[in-house]
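Following: one structure in structure tokens, then a few remarks.
Every number in this text was worked out from the coordinates using simple rules, so none of it is lab data. The model shown is predicted, which means the values in this text are computed figures rather than measured ones. Using ideal geometry, Cβ is built from the backbone for each residue, glycine included, and neighbour counts are taken over all protein chains shown.
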Protein chains: 2
Amino acid sequence: MQCRTTLKRLPKRGTYDRAAIHRILDEALVCHVGFAGADGAPVVIPTAYGRDGDTLLLHGSAAGRMLQTVGGGVDVCVTVTLIDGLVLARSAFHHSINYRSVVIFGRARVVESVDGKRQALRAITEHIVPGRWPHVREPYEKELKGTLVLALSLDEASVKTRSGPPLDDEEDYALAVWAGELPLRVVPQAPVDDTRLVAGVEAPPYVRAYRRPRANG
Amino acid sequence: MQCRTTLKRLPKRGTYDRAAIHRILDEALVCHVGFAGADGAPVVIPTAYGRDGDTLLLHGSAAGRMLQTVGGGVDVCVTVTLIDGLVLARSAFHHSINYRSVVIFGRARVVESVDGKRQALRAITEHIVPGRWPHVREPYEKELKGTLVLALSLDEASVKTRSGPPLDDEEDYALAVWAGELPLRVVPQAPVDDTRLVAGVEAPPYVRAYRRPRANG
């Protein structure tokens with residue numbers, strides 16, 4: 001994945017890149033959060049997230065070690081990766097993966113207010129399942145108080161992607177070896193009802209027709 | 001993703017966990033490599049990988065900054081994550097994601113020999129597309145010389161997973177809100193022929209019937 005990529009380090013508020021960053025963040029489901037652990041060695045943890053404008057939002061138990069460390073004002077790197085397909089070349093050497101990724105550097109800010117936490121939880125829930133928030137029981141204040149919410153600016157975000165066919169050495173194009181792309185897609189399967197559903201409750205349209213990216217996104 | 005997870009820190013050579021680690025590593029396509037960058041701040045980069053027994057293999061251009069840094073004997077954390085589905089609870093607070101992840105700590109070793117590099121490239125190619133290696137043009141020695149290959153032991157690997165239905169607060173089970181799981185699967189689409197294929201060459205069975213995890217794995 002490291003060959004033939006395009007690195008677009010953001011010029012301040014570059015509109016095109018900002019839109020590309022938003023699209024990738026809105027399509028992916030989890031991010032990988034990197035920070036220095038207690039012994040100084042790097043730690044990389046997957047977690048859910050949401051986006052509110054140009055801010056990435058993370059949440060977890062207020063007792064959790066990961067978010068406590070990251071919320072302590074340390075340098076953090078958050079990476080989000082979408083895999084679009086496999087790239088099969090005629091030579092072993094030129095095999096690759098088509099992907100889109102966003103890398104965000106910065107320091108996270110702790111969201112202190114109960115309203116700010118509620119808004120973050122809404123952004124994270126709606127990020128995972130758009131349309132879900134109006135249908136669920138909203139968080140109690142005690143739940144929000146027990147939740148640590150972190151906000152990370154997208155100011156230091158960059159996009160890296162690979163797309164398109166394999167690029168073989170010129171002489172290898174004469175080989176009778178199949179080459180091309182194998183696109184991959186994340187596809188929802190049939191929803192599984194919880195065994196304790198109230199009688200007659202059925203999966204709503206935003207679950208039955210779930211897709212990433214969203215139809216309108 | 002941070003609630004209700006099971007952390008299984010490996011007892012030395014614990015067989016069960018070792019098999020679970022292998023299964024997750026063999027199913028996923030990319031890992032996220034975390035290390036301290038030039039300025040000491042954490043960096044998290046997605047990249048392809050392979051597995052040879054209890055060793056994770058990474059590769060890239062010998063001129064590439066990322067692998068050069070990681071190959072310099074610094075502490076590294078490599079994380080691999082599979083997303084199995086969305087967990088929709090009756091309350092916003094208990095939404096979650098079903099996943100399986102492996103976190104590996106350690107220091108990577110540079111693979112110096114040309115034979116070792118060839119074997120690593122084979123493991124990485126076969127990891128991405130099982131069955132591919134015998135059909136492609138093998139690496140030239142000059143390609144291997146220009147490739148940096150790193151090996152990371154799985155000795156310090158641990159598994160973290162979430163599976164199963166949502167867990168709501170007892171009083172919320174009375175709510176007429178749909179709850180359950182929405183399984184997600186990575187599904188290959190129709191292969192796209194490279195525009196310069198030799199006439200008559202068709203996508204082989206291991207491409208047309210591609211799936212993760214492998215049918216026999």
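Okay, here's what the table says:
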| quantity | calculated |
| --- | --- |
| In sequence order, calculated HN-Hα J values of the range A:201-212 (Karplus, 6.51, -1.76, 1.60; Hz; x Gly/Pro) | 7, 10, 4, x, x, 5, 8, 5, 9, 4, 7, 10 |
| Under 5 Å, built H, 5+ apart or other chain: amide partners of A:Arg137 | B:Ser91, B:Ala92 |
| Computed over the range B:35-74: relative contact order in percent, which uses C-alpha pairs under 8 Å that are six or more apart | 28 percent |
| Long pairs among A:Lys142/B:Lys160; A:Lys160/B:Lys145; A:Lys117/B:Lys160; B:Lys117/B:Lys145, criterion Cα-Cα beyond 19 Å | A:Lys142/B:Lys160; A:Lys160/B:Lys145; A:Lys117/B:Lys160 |
| Long-range HN-HN contacts of A:Arg185 with modeled amide H, under 5 Å | B:Val187, B:Gln189 |
| Proximal charge balance of A:Tyr206 [Cβ under 11 Å; K/R count +1, D/E count -1] | +3 |
| Copies compared at B:Glu27 - label distances in nm, ascending, label defined 7 Å from Cα in the Cβ direction | 2.3 |
| Of B:Val80, B:Pro130, B:His22, farthest towards positive along the dipole that unit charges on Lys, Arg, Asp, Glu beta carbons give chain B | B:Pro130 |
| Between the range A:23-44 and the range B:137-170, the alpha-carbon center distance in angstrom | 15 Å |
| Given charges at beta-carbon only (K, R positive; D, E negative), |dipole| of chain B in Debye | 580 debye |
| Gyration tensor (alpha-carbon) shape descriptor, the range A:137-192, a/c threshold 1.5 | oblate |
| Relative contact order (%) - chain B, alpha-carbon pairs under 8 angstrom, separation at least six | 27 percent |
| Vicinal HN-Hα couplings computed from phi for the range B:48-63 (Karplus, 6.51 cos²θ - 1.76 cosθ + 1.60; Hz; Gly/Pro x) | 6, 7, x, 10, 10, x, 9, 10, 8, 10, 10, 8, x, 4, 4, 8 |
| Within the range B:16-116: Cβ-based charge dipole about Cα centre, in debye rounded to nearest 20 (Lys, Arg +1; Asp, Glu -1) | 280 debye |
| The protein assembly as shown: mean projected area of Cα convex hull, nm² | 21.7 nm² |
| The protein assembly as shown - charge dipole about Cα centre, Lys and Arg +1 at Cβ, Asp and Glu -1, debye rounded to 20 | 80 debye |
| Extreme residue, positive dipole direction of the range A:6-208, given options A:Ala157, A:His59, A:Gly34 (C-beta unit charges) | A:His59 |
| Long-range HN-HN contacts of A:Arg196 with modeled amide H, under 5 Å | none |
| Cα gyration tensor category, rounded, prolate or oblate, for chain B with a/c compared to 1.5 | oblate |
| In Hz, Karplus ³J(HN,Hα) per residue of the range B:24-40 (6.51, -1.76, 1.60; θ = phi - 60°; x = Gly, Pro) | 5, 4, 6, 7, 6, 9, 10, 10, 10, 9, x, 7, 7, x, 3, 8, x |
